[in-house]
Structure formats: structure tokens, C-alpha cells
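Participant: Quick one: the structure is below, questions incoming.
Here, each number is a calculation from the coordinates, and none is a lab measurement. Only a predicted model underlies this, so the values are computations on that prediction, with no experimental measurement involved. Backbone-built Cβ (ideal geometry, glycine too); neighbour counts: all protein chains shown.
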Amino acid sequence: MEGSQKDVRIGVFICHCGKNIAATVDVEEVRKYAETLPNVVVARDYLFMCSEAGQKLIKDSIKEYGLDRVVVAACSPKLHEITFRRCLEEAGLNKFFLEMANIREQCSWAHIYEPQKATEKAKALIRAAVMRVQEHEEIGTIREDVTKRVLVIGGGVAGIEAALNLASPRQGKLRSVLVVGGGIGGIQAALDLADMGYRVYLVERRPVIGGNMARVYKTFPTDDCAMCILSPKMNDVATHKNIELITNAEVVAVEGEPGHFKAKIKVHPRYVDPSKCTGCGTCSEKCPGRAPDDWNLFGTRKAIYIPYPQGVPRKYVIDPNACLYLTRGICRVCEKLCPAKAINFEDKGEEIEVEVGAIIVATGFEEWSPEPLAQYGYGRYKNVVTLMQFTRMFDVTGPTGGKVVRL
């Protein structure tokens, strides 16, 4: 056993899960404890470890510290073990060199009124995971081609219909799909189709995908944080070889018939080159321009921004109606300070055309404004808010830190 542990370098990554874990478990205390465990060379924590930024933290640490084993202390492996295994693979590490410690369901949720006991239990689970991951062995995977023949058992109407569909020629049908809308419905449709080998164009009119689900704090009936479910799927969309993600864009024209459609997509100017932007945030920190925050639905945001911290793609965008240079010809502070030289005020956008065999419309919904119902006093009384505004207040990572306030 000692020989197998001799040169192991372990990284421990602890997720706050918003406040699902951090509200009960003392994450910083647990992180410091993890640093003292045998063969642990780095211990980090992050708000949502399953998010694009959280996974990047893991991948960067694997490369920086030469890690060959990883422990993730977060929610149940049932939810994100596959996500983190894929993360290890992308960093060049065997995906089976991962061990997960469930400190949400087994610690913070089980001992919500006993924070000290929950914290000690989290330490014990992480210690056990560290000991176990040292004994993990490299396991390979095998992919086998399946014969292009199908056995249909049963000669009833269902069997007949299945046989006809499988036997019918597919010549001329385009194996590509346009998905309109980057909310959870469009994201899941895109991933399912892409996994089946279809080329998918996912078009979202906002600068980032996620839709209304990204505004919600928790989901019914399990009380899982919405971002815990959504973030890995958004990251999968951004990295899937069969998906082309087109944000800040709208479908303006469609012609053709089932099996053969042509769609024109208008991509609005972003004024930030996505291929250069690193998402560092320097531009937004110094930007003097302000605009109403149309994501949180109250308060203000900068003129150059990402709608929410976990947004995908993590590329900044300039609001042309709030930017001081684009509206008044002054400023250009972001252009001067951007270390990646990604600002492009000459961006005119573009129009692209795609040919697809099918179109899925998953445009979601927009909350109706109650202003016409004057008798309720919306816009006049500070304590009259919409459901979505109320939802944003409850989000501990939102604009009010989870506190209900009067607008």
C-alpha cells in the first residue's frame, strides 16, 4: 500500500453549492483541514464547482500542481460524477482517478441545525475520500461498433411502424438541427441531439445561455440549487463537438420544408471579440457606464458585462445603449485597459445562413409586466414586486444576497 501511495499528488476541491453547503458547513475550516491530509498538495473551494469557472479551476490546478488524483467534495455523485469525470479527461487525467465526497445530502442537509457536527462530518468524509482515491487504479474504456441491423420483436402495429421507420431510406435528409432558444429546454434538446450524432445550431438572443432557470435559486421538489443542474449542461453545450453555440443572435428568416430548411441568423454586434476575451473582468470593473439590470430585474449593471457570473459563454458584451463611447463618443476606458485587446468598437455583427433538416423552437417565456394593473400599485409602491424579482431576492448569490428588500 505504501508503494502505491508514494508519489500520489492529490487535489481537493470543495463546493459551496451556493449556500446549500456553505450555510451549514464551515467551508473554509474544511478546506484548511484538507490541506493537512497526506499527499494533498492543494485544496480549493468555489461557489459552484460544477460551473464552467469551477471546472476550469480544477483543470488549471491539475496542470499547475501536476495532480494525479482528485477529490471533489460537493453534492451526490448521482448528480455530477459524470461531469467531474469529463472534467478530468479534458485536463488529460484518467477519469477514474476521481473520488467524490457527498457533503451536501450527507452533511449540510442532514445536519442543518448542527453546523459544527456537519463540519466535522464533512472533514471525515473528505479524509476517507483522500485515503480511498490513493488506491484508485487506471481503468480504460472500450468502444465497440454496433452492427447496422435491428431485430424487431412483435408484428403488431407498433412493431410494424418501428420496422417501417427503421427501413425507410434517409437519403436527402440533413442530419443537422436548428434549436431556437438557449434555456433549459433548448439546452437539453441540443445535448440529446448532439449525443445522437446530429449537428446542432443553438441560437440564443441573449449574450449567454441559461434562460429563466438561471434566475431561479432552487428547484421543486428536491430543493436542488438550479445552477447545480444547469451549469454542467451549459458547459457541455459550450464544449460539445457537435454543437455550434450562437449567442446574441436571432433567427430572422426561415424557408424550405421538413428535411430541408434554410435559416438566416442575425448575430448582433458584441463589441468584444469572443476569440480574444478571457473573461477576466478588468473592463467591467473600470467601466463608468450604467444601465438597468435586465437580468436581475432591478438595480443597475455596467455597460460592459456578463449577465450573471456563471453565464456561458463567459465572454463580455457591450450594451450599445449604455456605453458612453457608442452613445456620446467619449470614454473607451475598457479598450485601454483590456489586457487581451478584445474590445472592437467597429463590430458590425453578421448574418449567417444554415441548412438544417429540422427546427426546434424552445423560446421559453417572458414575465408579463403588471404595470397596466394600476390598482396593484406596481412601480408606485416599493413592496409590490413581480414573482421573478422576488425570486432573485431569494437567491443567496443574487443582488441582495438572499435578503428580501423593498425596491
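Participant: Run the quick spin-label model on Glu64 and Leu337: label points 7 Å from Cα toward the beta carbon, then report their separation in nm to one decimal.
Facilitator: Taking the simple label geometry, Glu64 and Leu337 are separated by 2.3 nm.
Participant: Can you bin every Cα-Cα distance in segment 121-205 into 10 Å intervals starting at zero and give me the percent of pairs per bin, rounded to whole numbers?
Facilitator: Whole-percent P(r) values from 0 Å outward: 12, 19, 23, 24, 14, 8.
Participant: Which three extents, in whole angstrom, do the alpha-carbon atoms of segment 153-308 cover along their principal axes, largest first?
Facilitator: If we take the Cα atoms of segment 153-308, the spans are 69, 40, 24 Å.
Participant: Calculate the dipole size of the chain relative to its Cα centre from +1 charges on Lys and Arg beta carbons and -1 charges on Asp and Glu beta carbons; express the result in debye to the nearest 20.
Facilitator: Dipole size: approximately 800 debye.
Participant: A follow-up question, please. To the nearest Å, what is the center-to-center distance of segment 19-73 and segment 106-154, using C-alpha atoms only?
Facilitator: Computed from Cα coordinates, the inter-centre distance equals 16 Å.
Participant: While we're on this one: Under the rule that an exposed site lies in a DSSP loop and has at most 15 other Cβ atoms within 10 Å, name the longest stretch of the chain with no GluC sites (Glu not before Pro) of that kind, not counting the sites themselves.
Facilitator: 145-345
Participant: Tell me the net charge near Ala110. Cut-off is 11 Å between Cβ atoms, Ala110 excluded, with +1 for each Lys or Arg and -1 for each Asp or Glu.
Facilitator: Combined, the nearby Lys, Arg, Asp and Glu give +1.
Participant: How many lysine pairs does segment 176-366 hold where the Cα atoms are under 12 Å apart and the two sit 8 or more places apart or on different chains?
Facilitator: 5
Participant: Just the number: Rg to Rh for segment 367-406, Cα atoms, Kirkwood Rh, two decimals.
Facilitator: 1.03
Participant: Please report, to one decimal in angstroms, the Kirkwood hydrodynamic radius of the chain built from all distinct Cα-Cα pairs.
Facilitator: 24.1 Å
Participant: State, to one decimal in nm, how far the label point of Glu255 lies from the label point of Met196, with both points 7 Å from Cα in the Cβ direction.
Facilitator: 2.9 nm
Participant: Gap in Å between the Cα centre of segment 290-314 and the Cα centre of segment 340-354?
Facilitator: 20 Å
Participant: Relative contact order for the chain using alpha-carbon pairs under 8 Å, separation at least 6, rounded to a whole percent?
Facilitator: RCO, the chain: 14 percent.
Participant: Further, regarding this structure: How big is the dipole moment of segment 10-135 about its Cα centre under a simple scheme where the beta carbon of each Lys and Arg is +1, that of each Asp and Glu is -1, and everything else is neutral? Debye, nearest 20, please.
Facilitator: So the magnitude is around 160 debye.
Participant: Hey, what D do you get for segment 91-164 in µm²/s if you plug the Kirkwood alpha-carbon radius into Stokes-Einstein at 10 °C and 1.306 mPa s?
Facilitator: Approximately 93 µm²/s, per Stokes-Einstein.
Participant: Could you count how many Lys pairs in segment 38-176 have their Cα atoms under 19 Å apart, skipping same-chain pairs fewer than 8 positions apart?
Facilitator: Step by step, the pairs that qualify in segment 38-176 add up to 5.
Participant: Taking a ≥ b ≥ c as the square roots of the Cα gyration tensor eigenvalues, with a/c under 1.5 meaning rounded and otherwise prolate when a/b beats b/c, else oblate, which class fits segment 10-135?
Facilitator: Prolate, since a/c reaches 1.5 and a/b exceeds b/c.
Participant: What residue among Val180, Cys283, Val272 has its Cα farthest toward the positive end of the dipole of the chain, where the charges are +1 on Lys, Arg and -1 on Asp, Glu, each on the Cβ?
Facilitator: Among Val180, Cys283, Val272, the one farthest towards the positive end of the dipole of the chain is Cys283.
Participant: Which of these, Thr327, Thr24, Thr278, has the largest mean-square fluctuation under a Gaussian network model of the chain (Cα springs below 10 Å)?
Facilitator: Thr327
Participant: Just how large is the dipole of segment 176-366 about the Cα centre, in debye to the nearest 20, putting +1 at every Lys and Arg Cβ and -1 at every Asp and Glu Cβ?
Facilitator: Charge dipole, segment 176-366, about its Cα centre: 840 debye, nearest 20.
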